[in-house]
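This report refers to the structure that appears directly beneath it.
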Amino acid sequence: MVIPSLKVQELIEEIRGAKTQAQEREVIQKECAHIRASFRDGDPLHRHRQLAKLLYVHMLGYPAHFGQMECLKLIASPRFTDKRVGYLGAMLLLDERQDAHLLITNSIKNDLNQGIQAVQGLALCTLSTMGSAEMCRDLATEVEKLLLQPSPYVRKKAVLTAVHMIRKVPELSNIFLPPCVHLLHERHHGILLGTITLITELCERSLAALKHFRKVVPQLVQILQTLLMTGYSPEYSISGVSDPFLQVQILCLLWIMGRNHEESSEIMNDLLAQVATNTDTSRNAGSAVLFETVHTIMDIRSAAGLRVPSHVLAVNILGRFLLNSDKNIRYVALTSLLRLVQSDHSAVQRHRPTVVECLQEPDVSLSRRALELSLALVNSSNVRAMTHELQGFLESCPADLRAHCASGILLAAERFAPTRRWHIDTILRVLTTAGAHVPDDAVASLSQLMGGAQELHAYSVRRLYSALAEDISQVLSHHPDCPPRLPGLPAPYT
């Protein structure tokens, strides 16, 4: 006889009503005992209810491994109510580390061939969640057939399952190449988004797939062009931007196809400029599309006459991002400009004043990124101005940035110093400002620099004495018995 137990709703209410963790454990242990007894007695009518309660217990963090075999029994059941809970249990309780997950391969295969959309959807969801490499190899043919099913519901889930299969077993790429070209004609945005994601995965993992899909670049450009020209759609538009998720995914794929391929880059060049100039950035959705556009423009390979204006346009967009009130957008802009500064230093230089202003950001992550970009912008023509700005930042910057800032200033001074006297003044100011945060080799560099400039010996001694005189009161106030020393220089032995 089956021991009576709580219903799912009653169990949830009793657990939520527990005032202490001990009471919660007591309720769960008692109910788990009822669930075990029910499983042992083999009650087929209430098995799905018992497993549903066990899954709730599992989501609370309690052990539920003894329900794994019950998932297999429910999946093999002909009743949809049993299959629904059984597949959910398989997704939560099974993974590749348990051999039991291989036992459901045949049940999934039968359900995929059954022709009932709801059951096929459950099987595809489970396969895309916990399907191992062995399962993917065994079921790839069934998933390929479902990619061309008349039901959009099944096609969408089949596409997502194919993405999982490619990530698990890249050698399955050839199976999914023909259906992808056909699926690009879909008007359903969900299926189209999944198809673009699948093609992206294929191109990233196979050079042959990349060559195969480069012929569809004009079709991708046309899809993106249609999205740009489409007005507001309540089903797909977000903040006035037509399906930004699909736009971003298409741009990611164009970026992959345009790298090191001039012909593909030329096809998409005009469209990228159109996206960059017509996208509204007042909302996050537009900013996301525009940033992905910039990312694509920066890396594609076009003819020199066309690429340069687009490249400058991308840098100007990033410069506008620096003026955005959203900290995340400013951080993304600083990171992108830092990556771009090596390839197009002059274009980034135009936004130097805005970058320097970002040094004063209260957010440490922003000021750190602005510091890295500012140091990268230093050259022989602006070394005096940039060093002055960086020294001002050094005086007030957070302690965890002081060492980085001091090292950066000293390195820039060593590379681009206009005169030896200016170089000595810069090192001394960094030593007196940063103190213990200055790297150890700074003192040796200063000594070597002074020794090699005989005409500046008298000047150097006066500067050293002035620096010591300015700080002697502070040194003595902290260590009255210690002989004074220049901050940043080692104390003499006593």
(request) Write out the GluC sites (Glu not before Pro) in the range 94-180 meeting two conditions: DSSP loop, and at most 15 other Cβ atoms within 10 Å of their Cβ. (result) E96
(request) Using only the Cα atoms of the range 109-221, build the gyration tensor, take square roots of its eigenvalues as a ≥ b ≥ c, and label the shape rounded, prolate or oblate: rounded if a/c is under 1.5, else prolate if a/b is larger than b/c, else oblate. (result) oblate
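I'd like to check one number: the per residue accessible area of the range 172-289, probe 1.4 Å, reported in Å² as a whole number.
Numbers: 5280 Å² over 118 residues.
I get 45 Å² per residue for the range 172-289.
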(message) Give me a comma-separated list of calculated 3J(HN,Hα) values for the range 94-101, in order, Karplus coefficients 6.51, -1.76, 1.60 applied at θ = phi - 60°, integers in Hz, x for any Gly or Pro.
(response) 10, 8, 5, 6, 9, 5, 4, 5
(request) When a/c is below 1.5 the answer is rounded, else prolate if a/b is larger than b/c, else oblate, so apply that to the range 45-198 with a ≥ b ≥ c taken from the square roots of the Cα gyration tensor eigenvalues. (result) prolate
(message) For a protection proxy built on the mean count of beta-carbon atoms within 10 angstrom, sort 37-45, 289-297, 277-285 highest first, please.
(response) 289-297, 277-285, 37-45
(request) Starting from 0 in steps of 20 Å, tell me what percent of the Cα-Cα pairs of the chain lands in each bin. (result) 18, 32, 30, 18, 3, 0
(message) Could you work out what % of the accessible surface of the chain is carbon and sulfur, using a 1.4 angstrom probe and leaving DNA, RNA and ligands out of the count?
(response) 53 percent
(message) Explain nothing, just compute: Karplus ³J(HN,Hα) = 6.51 cos²θ - 1.76 cosθ + 1.60, θ = phi - 60°, for every residue of the range 117-124 in order, whole Hz, x for Gly and Pro.
(response) 4, 4, 5, 4, x, 4, 5, 5
(request) Report relative contact order for the range 89-190 in percent, whole number only (criteria: Cα-Cα under 8 Å, sequence separation at least 6). (result) 24 percent
(request) Could you work out the relative contact order of the chain, using alpha carbon pairs under 8 angstrom and six or more residues apart, expressed as a whole percent? (result) 5 percent
(request) May I ask for the equivalent-ellipsoid semi-axes of the range 228-283, computed as the square root of five times each C-alpha gyration tensor eigenvalue and listed largest first in whole Å? (result) 24, 12, 9
(message) Sort 111-120, 5-14 by packing, meaning the average of other beta carbons within 10 Å per residue, with the highest value first.
(response) 111-120, 5-14
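Please give the calculated 222 nm ellipticity per residue for the chain, where each DSSP H segment of at least 4 residues contributes -39500 (n - 2.57) and the sum is spread over every residue; nearest 500 deg cm²/dmol? Provide the component values of the computation, followed by the final result.
Numbers: 26 runs with 353 residues, N = 494.
Calculated at 222 nm, the ellipticity per residue is -23000 deg cm²/dmol.
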(request) Indicate the gyration tensor shape class of the range 295-410 (rounded, prolate or oblate), computed on the Cα atoms with a ≥ b ≥ c the square roots of the eigenvalues: a/c under 1.5 is rounded; otherwise a/b larger than b/c is prolate and the rest oblate. (result) prolate
(message) Going by average Cβ density within 10 Å per residue, which order do the peptides 66-74, 444-452, 332-340 take, highest to lowest?
(response) 332-340, 66-74, 444-452
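The values are calculated or read from the model by the stated rules, or taken from the named source; none is laboratory data. It should be emphasised that the depicted structure is a prediction, and the values quoted were computed from it without experimental measurement. So basically every Cβ, Gly included, is an ideal-geometry build from the backbone, and we count neighbours across all protein chains shown. Heavy atoms of the whole protein, side chains included, go into the accessibility calculation; ligands, DNA and RNA do not. Shrake-Rupley method; radii C 1.70, N 1.55, O 1.52, S 1.80 Å.
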